[in-house]
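Structure record follows, encoded as structure tokens.
The values are calculated or read from the model by the stated rules, or taken from the named source; none is laboratory data. Note that the structure is a prediction, hence the values are computed from the model and not measured. Cβ placement follows ideal geometry from the backbone for every residue including glycine, while neighbour counts extend to all protein chains displayed. Ligands, DNA and RNA are stripped out before the accessible areas are found, and what is left, the full protein with its side chains, is counted by its heavy atoms. Shrake-Rupley method; radii C 1.70, N 1.55, O 1.52, S 1.80 Å.
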Amino acid sequence: MKLDILAFGAHPDDVELGCGGTIAKEVSLGKKVGIVDLTRGELGTRGTAELRDQEAMAAAQILGVTVRENLQMRDGFFVNDEAHQLLVIQMIRKYRPEIVICNAIDDRHIDHAKGSKLVSDACFLSGLIKIETFDNGQQQSAWRPKQVYHYIQWKNIEPDFVVDITGFNEKRIESILAYGSQFYNPNSNEPETPIATKNFLESLNYRVRDFGRLIGTDYAEGFTAERYLAVNSLADLL
């Protein structure tokens, strides 16, 4: 199955928080999009890994993605080494995306920057024909995505470009709130975490509204790029 876009997250909910609106918009435009979570988020303070699995699948249905997989790396302890790179390469070669989206290049949670570099390195290595990987016993062909983009998470990173998600922010919020165990609930007896506060819940619209303001729309999501973005004409720029 070939996908147009493959989005990676170190944890279930990273993709929804970072680029859920963009994914919903691309799906509406007929693009085939998949999500790969590196870990099950088993070290998360609230809820359980099993509950996160259920929440992730519910969020995937809301966004309308074609496929969602979990590589079951160790939350908090995965590293950017050959074994982990090969797991990511297998996903890239399996789905052959034109575009890969992954974690922020720098962030509060140590897994985010680690996951960002791991996926970025794997995208390059995936194009090398002398690296052999297999899927269900069949050797995979080399494949390198045309572009690797990084969404923005906790830290305020200046984007290289933004995507207008006006009309898709409600679906973005719905996909985030599918992770009900992780976010603010005044009736919950679970310990409070930085993302389980009322302030964080209210902040879900701060950045997308500000990026939207800066480009003259209601909502937008920001991304960083690994190389210059090219257009055929100035008319392609809004």
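Among the residues making up the range 108-134, those that are open to solvent by 10 Å² or more (accessible area, probe 1.4 Å), touching a helix residue (DSSP H, G or I) at 6+ places or on another chain (Cβ under 8 Å) and assigned to a helix (DSSP H, G or I) are His112, Asp121, Leu125.
Taking the range 205-222 as the range and being free of Cβ contacts under 8 Å to residues at least 40 places away in the same chain and either under 21 Å from the mean Cα position of the chain (by Cα) or on the phi > 0 side of the Ramachandran plot (or both) as the test, the residues that pass are Asn205, Tyr206, Arg209, Asp210, Gly216. When each of His109, His84 is tested for being within 29 Å of Arg227 (Cα to Cα) and touching a His at 6+ places or on another chain (Cβ under 9 Å), the lone residue that passes is His109. In summary, strands (runs of 3 or more DSSP E) completely within the range 23-107 and bearing 1 or more residues that are among the small types (Gly, Ala, Ser) occur at 33-39. Whenever a residue of the range 171-200 is in contact (Cβ under 8 Å) with a residue 12 or more places away in the chain, its partners that are open to solvent by 80 Å² or more (accessible area, probe 1.4 Å) and outside any helix (DSSP H, G or I), lying with C-beta atoms within less than 7 angstrom and at least six residues away or across chains, give the pairs Pro191/Thr45; Thr193/Thr45; Ala196/Tyr184; Thr197/Tyr184; Lys198/Tyr184; Phe200/Tyr184.
Residue by residue, here is whether (1) within 26 Å of Thr193 (Cα to Cα); (2) crowded, with 21+ Cβ neighbours inside 10 Å; (3) touching a Gly at 6+ places or on another chain (Cβ under 7 Å) holds:
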residue: Asp4; (1), (2), (3): no, no, no
residue: Pro12; (1), (2), (3): yes, yes, yes
residue: Val27; (1), (2), (3): no, no, yes
residue: Glu42; (1), (2), (3): yes, no, no
residue: Thr48; (1), (2), (3): yes, no, no
residue: Asp53; (1), (2), (3): yes, no, no
residue: Met73; (1), (2), (3): yes, yes, no
residue: Leu86; (1), (2), (3): no, no, no
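Condition check for His11 on (1) more than 14 Å from the chain's Cα centre (by Cα); (2) modelled with pLDDT of 95 or more; (3) closer than 19 Å to Trp154 by Cβ: one failure, at (1). Among the residues of the range 135-156, those identified as assigned to a strand (DSSP E or B) and either open to solvent by 50 Å² or more (accessible area, probe 1.4 Å) or of a type in the set (Asp, Glu) (or both) are Asp135, Gln138, Gln139. Just one residue in the set Glu16, Glu50, Glu69 is out of contact with any Pro (no Cβ under 8 Å at 6 or more places or on another chain), within 16 Å of His112 (Cβ to Cβ), among the charged types (D, E, K, R) and modelled with pLDDT of 95 or more; that residue is Glu16. Report, by residue number, each residue of the range 1-57 that is basic (Lys, Arg), out of contact with any strand residue (DSSP E or B) (no Cβ under 9 Å at 6 or more places or on another chain) and over 12 Å from Tyr179 (Cα atoms). Answer for the range 1-57, where residues must be basic (Lys, Arg), out of contact with any strand residue (DSSP E or B) (no Cβ under 9 Å at 6 or more places or on another chain) and over 12 Å from Tyr179 (Cα atoms): just Lys2. With a requirement of 2 or more residues that are modelled with pLDDT under 95 and either touching a strand residue (DSSP E or B) at 6+ places or on another chain (Cβ under 9 Å) or surrounded by 14 or more Cβ atoms within 10 Å (Cβ to Cβ) (or both), the helices (runs of 4 or more DSSP H) lying completely within the range 157-238 that satisfy it span 198-203. Of all the numbered requirements in (1) without any contact (Cβ under 8 Å) to a residue 60 or more places away in the chain; (2) closer than 23 Å to Glu190 by Cβ; (3) assigned to a helix (DSSP H, G or I), Leu17 misses one, and that requirement is (1).
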